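Colleague: What follows is a structure written as structure tokens; I'll ask about it next.
The values are calculated or read from the model by the stated rules, or taken from the named source; none is laboratory data. In this text, all values refer to a predicted model and were calculated from it rather than measured experimentally. Cβ placement follows ideal geometry from the backbone for every residue including glycine, while neighbour counts extend to all protein chains displayed. Each accessible area value is taken on the protein alone, full model and side chains, heavy atoms only, with ligands, DNA and RNA left out. Shrake-Rupley method; radii C 1.70, N 1.55, O 1.52, S 1.80 Å.
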Amino acid sequence: MSEREVMEYDVIVVGAGPAGLACAMHLKQLNEALNVCVIEKAAEVGAHILSGAVIEPQALDDLLPGWRDHPPPICVPAEKDEFWLLSKTGRKRLPNPPQMNNHGNFIMSLGALCAWLAPQAEALGVDIFPGYAAADIRYTDTGAVGGVIIGDMGVAKDGSRKATYVEGIEIHAPVTVLAEGCRGHLSKRLIQRFELDKDCDPQTYGIGIKELWRVETGKARPGLIQHSIGWPLDRQTYGGSFIYHLDKDRVALGFITALDYRDARLSPFEAFQQFKHHPSIRPLLEGGEILSSGARAVVEGGYQSLPKTEMPGALLIGDAAGTLNVPKIKGTHQAVRGGMLAAAHLAQSLSSEGFDRKLRRSPVVAELKKVRNIRPGFNKGLWAGLRTAVIETVTGGRLPRTLSNHADHRMLKKLDDYSPPDRDWVERELPPRDRLASVYFAATDHEEDQPVHLKVADTDICISQCTEEYGNPCTRFCPAGVYEMVEDQSGRNLQINAANCVHCKTCDIKDPYQIIDWVTPEGGSGPNYQNL
Amino acid sequence: MSRTLIIAEHGGGRLNPATAKCVSCAADIGHPVDIAVFAETAADIAAEAAALTGVDKVLTIEDADFGQPLAAMIAPEAAAMAGDYSHVLGPSTTYGKDLMPRIAALLDVNQVSDIMQVTGSHRFQRPIYAGNAIVDVEAPEGAPVVATVRTASYAAAGNGGSAAVESRAAGAERPQHSRYLDLKSEGGDRPDLQTASRVVSGGRALGSADNFELVYRLADKLGAAVGASRAAVDAEYVANDLQVGQTGKIIAPDLYMAFGISGAIQHVTGIKDAGTIVAVNKDAEAPIFEIADIGLVGDLFQVIPELEAALDDG
Amino acid sequence: MKILVGIKRVVDYNVRIRVKPDGSGVDTDGVKMSINPFDEIALEEALRIKEAGKAEEVIVVSIGGDECQQQLRTGLAMGADRAIQIQTDQALQPLAAAKALLKIVQQEQPGLVLLGKQAIDDDNNQTGQMLAALWGRPQATFASQVVLEDGTATVTREVDAGLETIAVDLPAVVTSDLRLNEPRFVKLPEIMKAKRKPLDVQPLADLGIESGHQLSVTRHAPPAQRARGVMVESAAELVSELKNRGLL
């Protein structure tokens, strides 16, 4: 093994999302002399970012006073909130929960927002390296995090070196800030290694699938924000939809299915597509066209699942830690505030020590604490959840109780132990026809001659045990059709279509045996989201 | 001076069929059509050109320097002739793509590349972004129109003509800086996937690398190149370089035959400009049938041998 | 010897191209931009020639607004020694681009100019040939192999009939095809070094070129979709259908 080339920085930020960029920018705002870099696995900033997104602007005001005078390319003021309960054929308007009052907020594309932030970060002196994946952690002699190792490029599927092989360099820094977003692969390793989650509940997640449409002229009502619960999900499954009306006849819509669902036969992708066919939604989309699509896991664990966010040599911020506010369905303002808080902390000492305490005393965690019982209230079903939500909202989270979270992968029921509800789903006609067609609109691109980046520890389990117990749920929970059980002359096999992967991390989370490990592919691979 | 000159492409002493397609495009422009043949010995080629329906005159410019297709040699001579013409066309083959812009530059005009439709004497449609958008282009009046013709958009002109053949002396100065060395046709017996006029492709329904032999056999019978869907490549039935589609090769053969390929959008992107698409699939609902010109619902393990037999019979 | 490499900033090949509903162009809002892939191959070839000791300097040149400096910096990070931006907000057609490049050629006197065979946005495939014509020098388009020796470039060209080899005296213009090489990955430290390499900005207006006759693009439309064709019942019917269409 040759000695890797080394670059030195004061702070390394992994991930050019809202948390990472805010942290890097604020570091330079506080101390211009600091050397700060941001490593981003997407080919360009924003290309792996997917969010609703209705954004509370106050955190942006703090980071970039005056941003409203030169707003990001997609930025539509919120006009009106609607909250609906859907049945298969009908719908009922519900009172808008106060957390979902969006007056003063903006509908944006988080991907476009990050792409817009990046040059401003560079203008502040931040070095941003899109197209480079932080593949591993570099540890110091004392076992502290001492930086990251960039993934090698030009490695063939069988692990051999191609003519284009370039060894990834090491980047060393006193502090590494993990801002990888939900279920970051390095964050996951560090949480395990430093047992950062030993005093909290397991993190819980949802899978969000989103499409951006251009609808027929006049159908979009810019600023309208619509959310729904109910159909097509059963009452035991938490989740719901969003439809955000943008300018230029564009509508962003998506569906989040909580990953603690029990039904091994459920396909979150199919649930989203079914939602689009609801009689109240379908007319909006008919005659329109999909512009882009994608999927990303979201953290739902909130306050009680927040791991310790510091370890020797490193911090977790944003959704790598899990600061998203589920009842608000918003994480961006939390991510930006958390990133800025980390910057303020590091500008003082370039040490991770003491950050966790600061974060827990900050408005970021106060906000999470207040709503901590709302999401787990839904563990007992839709009606119990709505009841808890009302109580917790009225009392402002001051009741002396904290409902607990459970690990999503343990919640799946074996086929024999579960009789699925009659979903009564409809014949679909709106595009995309299937997951492969959906992936096309994610413009996902992986060099195909590279090692499979979805590491399945033991495929024998897939072929025998899982087939029997759960019917290979990976073939359904993956929104990109990465996993297929293929029968050919060599028998029944798991085929991993790694090139389809949109980096959503659902498989890493939901696989009931926890034998799938999502690692980063060659830098620059993955989806190329446009305005998601 | 409303007159069109077509620069003939030829090889091995024969006229390349792309020239006849340019004649069809020129017919849409509507002016009288001449064909220029630059060659060392032009008689046979000129005779073929003169037989094309709708050609007025064939001009032969014979010189040892024109024995090989070197753009730097031909362009000055062609540009000198252009004064008599409103339009100068060449095929959108590697020959035409190499030569025509050099002529256009000498005439101080931009070239209209890859005409797919003529909508007026100076108005054309052409593809950009690999055919993902079509633009209307207008060339200025009062300057020669130099253009290449997208061969896939035109049928060859018929052979009902009897144009006069005139010989012209070469007059322009020719450079000494370019020399032709040789031409090797590629590969072994099977044509190259990228440029083949027929392609037979197989999908995962083949079931194994061994079964892919069926596809090879049919391809050889048809003189076709072999392609595959990504699913077949991922299942390791064939090598990656046979992959057709978004992440593989984008091809436009005259005939594309897909066996056991479902027709995912990623695959279809790679064949959208093919002339005729034939699909054979067990699944009548397969998306490939939505874009296939000829579809057959059936088991490829039956259909391919039957096809071979039918081809042998007739 | 110097090598001049032209690089164009284009919509990345991964982007789904969509025509704007009003037909005024394609939607480039927020889309990823990259070096034209063929130009990247041209640059890689130039760098390999330099690394083989057959050239001393590689200069990348691009024509466009200041946003194309991003692609020039990428070119510098790949290994080019310096960059020139011909600054203009107009989208130049190939003839004007060739004339602008010729001015730089006259300034720099390169022994070799390497360009991509075509840009993947306009798909014109003209600029290299036009530059060679205006310069009065040889062209070798669609190159899949370039060998330099004694003031001559022996170039293998990917033509429809196979692989053609020609020899051209230098200086010359060579345009790259896909199989010429596989461009390198840029190492991170090279990105930092590239920030310090010289990038010379020359306003197009200062070059004093006449753009000549321009084509006007009046409308963009999406391509026609393929439609469902006919269904046949048997292999025999399929063969006769193909024969009817003159395909067998």
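Colleague: Helix-only mean residue ellipticity at 222 nm, the protein assembly as shown, DSSP H runs n ≥ 4 weighted -39,500 (n - 2.57), per residue, nearest 500. What is it?
Modeller: The helix-only estimate for the protein assembly as shown comes to -7000 deg cm²/dmol at 222 nm.
Colleague: Tell me the GluC sites (Glu not before Pro) within the range C:215-248 that lie in a loop according to DSSP and have at most 16 other beta-carbon atoms within 10 Å.
Modeller: C:Glu233
Colleague: Right, something else. Charges on Cβ only, +1 for Lys and Arg, -1 for Asp and Glu, centred on the Cα centroid of chain B; of B:Ala71, B:Gly161, B:Tyr237, which one is farthest towards the dipole's positive end?
Modeller: B:Ala71
Colleague: With a ≥ b ≥ c the root eigenvalues of the C-alpha gyration tensor of the range C:2-222, is it rounded (a/c under 1.5), prolate (a/b larger than b/c) or oblate?
Modeller: The shape class here is rounded.
Colleague: Are there any GluC sites (Glu not before Pro) in the range A:181-287 that are in a DSSP loop and have at most 16 other Cβ atoms within 10 Å? List them by number.
Modeller: A:Glu195, A:Glu216, A:Glu286
Colleague: According to a simple spin-label model (label point 7 Å from Cα along Cα-to-Cβ), what is the distance in nm between B:Gln176 and A:Thr402?
Modeller: Taking the two extended label points, one gets 9.0 nm.
Colleague: Let me ask something else about it. Within 10 Å of each Cβ in A:494-501, how many Cβ atoms from other chains are there, averaged over the peptide?
Modeller: Working: counts 0, 5, 1, 3, 1, 4, 3, 0.
Whole-number average of other-chain Cβ neighbours for A:494-501 is 2.
Colleague: For B:Ala235, what charge total do you get from the other residues with a beta carbon under 14 Å from its beta carbon, if Lys and Arg give +1 and Asp and Glu give -1?
Modeller: -3
Colleague: First select every other residue whose beta carbon is under 9 angstrom from the beta carbon of B:Asp56; then total the charges, Lys and Arg +1, Asp and Glu -1.
Modeller: The answer is +1.
Colleague: For a Förster distance of 41 Å, can you work out the FRET efficiency between the beta-carbons of C:Ser211 and B:Asp63, rounded to the nearest 0.05?
Modeller: Working from the Cβ atoms, E equals 0.75.
Colleague: Let's test the formula: R0 of 22 Å, r as the Cβ-Cβ distance of C:Lys193 and A:Glu3. What FRET efficiency results, to the nearest 0.05?
Modeller: On the way: r = 20 Å, r/R0 = 0.89.
So the FRET efficiency works out to roughly 0.65.
Colleague: So how strong a dipole does the protein assembly as shown carry about its Cα centre when Lys and Arg Cβ are +1 and Asp and Glu Cβ are -1, to the nearest 20 debye?
Modeller: Approximately 4260 debye in magnitude.
Colleague: Which of the residue pairs A:Lys210/B:Lys282; C:Lys20/C:Lys197; B:Lys272/C:Lys32; A:Lys330/A:Lys505 have a Cα-Cα distance greater than 29 Å in the structure shown?
Modeller: Over 29 Å Cα-Cα: A:Lys210/B:Lys282; C:Lys20/C:Lys197.
Colleague: Please state the relative contact order of the range B:198-313 as a whole percent: Cα pairs under 8 Å, 6+ residues apart?
Modeller: 23 percent
Colleague: 7 Å from Cα along Cα→Cβ at both B:Met1 and B:Phe301: what's the point-to-point distance in nm?
Modeller: 7.0 nm
Colleague: Carbon and sulfur atoms: what percent of the 1.4 Å accessible area of the protein assembly as shown do they account for?
Modeller: Taking all protein chains in place, the protein assembly as shown shows 48 percent carbon and sulfur surface.
Colleague: Within a Cβ distance under 9 Å of B:Ala36, other residues only, what is the Lys/Arg minus Asp/Glu net charge? Don't skip to the answer; put the middle values down first.
Modeller: Numbers: positive: B:Arg168; negative: B:Asp34, B:Glu77.
Result for the local shell: -1.
Colleague: Taking 60 Å as R0, compute the FRET efficiency from the Cβ-Cβ separation of B:Arg14 and A:Val486 and round it to 0.05.
Modeller: According to the calculation, E is roughly 0.80.
Colleague: The range C:183-242 to the range B:52-72: how many Å between their Cα centroids?
Modeller: If you average the Cα positions of each part, the centres end up 31 Å apart.
Colleague: Which of A:Cys200, A:His345, A:Val452 sits farthest toward the positive end of the charge dipole of chain A, with +1 on the Cβ of Lys and Arg and -1 on the Cβ of Asp and Glu?
Modeller: A:Cys200
Colleague: Where the only charges are on Cβ atoms (+1 Lys, Arg; -1 Asp, Glu), what is the dipole of chain B about its Cα centre, to the nearest 20 debye?
Modeller: Rounded to the nearest 20 debye, it is 460 debye.
Colleague: A further question follows. Within the range A:391-416, list the residues whose amide N lies under 15 Å from a label point set 7 Å along Cα→Cβ of A:Gln236.
Modeller: Residues passing the 15 Å test: A:410-416.
Colleague: Using +1 on the beta carbon of Lys and Arg, -1 on that of Asp and Glu, and nothing else charged, what's the dipole of the range B:4-168 about the Cα centre, debye to 20?
Modeller: 460 debye
Colleague: Here is a further query. Counting heavy atoms of the protein chains only and a 1.4 Å probe, report the per residue accessible area for the protein assembly as shown as a whole number of Å².
Modeller: 37 Å²
Colleague: Still on this structure, I have one more. Going toward the positive end of the dipole of the protein assembly as shown, with +1 on Lys and Arg Cβ and -1 on Asp and Glu Cβ, which of B:Asn16, B:Gln302, A:Ile225 do you reach last?
Modeller: Result: A:Ile225.
Colleague: Taking each residue of B:205-218 in turn, how many C-beta atoms of other protein chains fall within 10 Å of its C-beta, and what is the average?
Modeller: 1
Colleague: Let me ask something else. Within the range A:352-387, name every residue whose backbone N is under 14 Å away from a label modeled 7 Å from Cα of A:Val394 along the Cβ vector.
Modeller: Zone members listed by number: A:386-387.
Colleague: Follow-up. Can you tell me the order of A:467-476, A:241-250 when each peptide is scored by its average per-residue count of other Cβ atoms within 10 angstrom, highest first?
Modeller: Peptide ranking by packing, descending: A:241-250, A:467-476.
Colleague: Shielding by partners for C:137-147, please: the mean number of other protein chain Cβ atoms within 10 Å of each residue's Cβ.
Modeller: Numbers: counts 4, 8, 10, 5, 7, 3, 0, 0, 0, 0, 0.
Per residue, the average neighbour count from other chains is 3.
Colleague: On a straight-distance basis, which aspartates and glutamates could pair with A:Lys219 in a cross-link, Cα separation under 14 angstrom, same-chain partners fewer than 8 positions away excluded?
Modeller: In chain and number order, the partners are A:Asp247, A:Asp249, A:Glu286, A:Glu289.
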